[in-house]
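Just so it is clear, none of the values below were taken in a lab; they were calculated from the coordinates. Being a predicted model, the structure only gives us computed values, none of them experimental. Quick reminder, even Gly has a Cβ in these numbers, built from the backbone with ideal geometry, and neighbours come from all protein chains shown.
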Amino acid sequence: MATLKVVVILPTYNERDNIGIMIDALEVQAREFLHDMHLLVVDDDSPDGTAEVVRAKQTVYPNVHLLRGKKAGLGAAYIRGMIHAMDELHADVVFEMDADFSHKPEDVPRLMAALDGGADFVIGSRYVKGGSIPQEWGFLRRMNSLGGNIVARYVAGMYRIRDCTAGFRAIKTNLLRKIIFDDLRVQGYAFQVALLHKAVSLGAVIKEVPVDFVDRAKGESKLGISDIIEFILNAWWIRLHSSKTFIKFAIVGLSGVIVNLGVFTLLLQANVNKYLASPISIEISIITNFLLNNYWTFRWRTSQDHIRVKGLKFNMVSLVSLGVSYSTFVVLSVLFPDVSPEIHQLVGIAPAMFINYFLNSYWTFKN
Ligand code: GDD
């Protein structure tokens, strides 16, 4: 096996208390490592003196590199680091790794072994069998991590990958060189999903290796609300730009809104009681939506289910969306009796459409 140049990128912002011992721990791994390991600290002008700690380590270890720049987010730091690793350090492989011991240095050889085994992109995964998240994570942090992965898997469409947001990765640079970083259009933590999505669309061999994610002992997470907003927008951007299915579904949904409101208005004009007119028009729009989705939107799906089974599943989903839409309508009618019933009906359609899409897409018409 040829010896590869492996550059472990460690992004840092105010990691003075972690970076020195992290470098020491990685140097221990480097001694037994089967390849040529280098460490690249990408520090965003941390005011706490992180860079001084790294410079002191550079006098001891010749394989430690430091790249400094203005703070522009985790993704921006990784992009700078990856370009530097490829163009200046001529890396064959780069690692993404937190500098705060959330990722264990002793796991580096395991990720590298998966790359040596033929993968192009290895993920240190918390959500495959054998991996874990910290016991001490509170409800919000768990929900944040789980929710992020659900959004990445089901909105950005990477269903088969269990840990799309992981920040511990090994990537071959001949894959990275095919990626135009400007196209990713992300600055913060959304980078993880944007990069992974590019790798998936390029047909890269992706492998998940289980790891235990450790809660940092020193310093604090830099994840902010703007990162979360960028993350969600990015996932939907990917969805809109990569999936004709979603666009078709949106068109069908719009036609359903027109059918729903049209039938509802006609029924009101025919003096049908509004509480009866509402479910009738919802049901009719669900039926037209189903027919269009079945024969157009999801036509290419390879579900082996018989049409009768699909029909049955569809009806169950319809019942759920009917219930959601109708209860929203009733609640709004009681809460806001002065607002026109058409508005109540319209607002009731939104959650029903959302549920319809997800259940039908991932259950009724699954691949
Ligand atoms: N240079 C630079 N610039 N480094 C940054 C920045 C930045 O703007 N923001 C964060 N970092 C560095 C931190 O100093 C740390 O070394 C690493 O990036 C991870 O930052 P944390 O703020 O500790 O991340 P986290 O624990 O919330 O998130 C981790 O888990 C997420 C999934 O749950 C990271 O691994 C994320 O990449 C991952 O998505």
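Cα-based radius of gyration for the chain, normalised by 2.2 N^0.38 Å, reads 1.22. Scanning the chain for GluC sites (Glu not before Pro) in DSSP loops with at most 12 neighbouring Cβ atoms within 10 Å leaves 221-367 as the longest stretch between them. Would you kindly give the portion of the calculated P(r) for region 240-286 that falls above 18 Å, as a percent of all Cα pairs? Across region 240-286, Cα pairs with separations above 18 Å total 39 percent. For region 252-350, a crude dipole built from +1 on the beta carbon of Lys and Arg and -1 on the beta carbon of Asp and Glu, taken about the Cα centre, is about 440 debye to the nearest 20.
At R0 = 35 Å, how high is the FRET efficiency between residue 178 and residue 338 if r is their beta carbon distance? Nearest 0.05 is fine. Between residue 178 and residue 338 the formula returns 0.05.
Phi angles across region 319-326 convert, under the Karplus curve 6.51 cos²θ - 1.76 cosθ + 1.60 with θ = phi - 60°, into 3J(HN,Hα) values of 4, 4, 5, 4, x, 5, 5, 5 Hz, Gly and Pro given as x. A compact globular protein would have a Cα radius of gyration near 2.2 N^0.38 Å; the ratio found for region 1-82 is 1.08.
Using the structure shown, list the pairs from 313/366; 244/366; 57/222 with a Cα-Cα distance above 18 Å, or answer none.
57/222
With a threshold of 29 Å on the Cα-Cα distance, the over-threshold entries among 70/172; 71/248; 70/178; 104/207 are 71/248. Helix content alone sets the calculated 222 nm mean residue ellipticity of the chain: runs of n ≥ 4 DSSP H residues at -39500 (n - 2.57) each, divided across all residues, give -17000 deg cm²/dmol. Each residue of region 219-231 is assigned a 3J(HN,Hα), and the resulting list reads x, 9, 5, 9, 5, x, 5, 5, 5, 5, 4, 4, 4 Hz, derived from the Karplus form 6.51 cos²θ - 1.76 cosθ + 1.60 (θ = phi - 60°), x at Gly and Pro.
The fewest-to-most ranking of 244, 70, 5, 172 by surrounding Cβ atoms within 10 Å reads 70, 244, 5, 172. The translational diffusion coefficient of region 150-305, from Stokes-Einstein at 10 °C and 1.306 mPa s with a Kirkwood hydrodynamic radius over alpha carbon pairs, comes to 83 µm²/s.
Taking amide H as placed 1.01 Å from N in the peptide plane, the amide H of residue 131 sits under 5 Å from that of 211, each at least 5 places away or on another chain.
Count the DSSP beta bridges whose two residues both fall in the chain, then state the antiparallel fraction as a percent rounded to the nearest 5.
25
Stretching the chain fully between residue 159 and residue 225 yields a gain of 21.2 nm (0.36 nm per residue, less the alpha carbon separation). In this structure the amide hydrogen of residue 40, modeled in the peptide plane, comes within under 5 Å of the amide hydrogens of 8, 9, 10, 65, none closer than 5 places in sequence on its chain. Among the chymotrypsin sites (Phe, Trp or Tyr not before Pro) found in region 244-347, those both in a DSSP coil and sparsely packed, with 15 or fewer other Cβ atoms within 10 Å of their Cβ, are 300. Take the Cα of residue 258, step 7 Å toward its Cβ, do the same at residue 113, and the gap between the two points is 6.0 nm.
For region 91-100, backbone phi angles converted through the Karplus equation (6.51, -1.76, 1.60; θ = phi - 60°) give residue-by-residue couplings of 6, 8, 9, 10, 10, 9, 7, 5, 8, 10 Hz, Gly and Pro being listed as x. Spin-label model, residue 25/residue 60: points 7 Å from Cα along the beta carbon direction are separated by 1.5 nm. For residue 274, the aspartates and glutamates whose Cα comes closer than 13 Å to its Cα, not counting residues fewer than 8 places off in the same chain, are 342.
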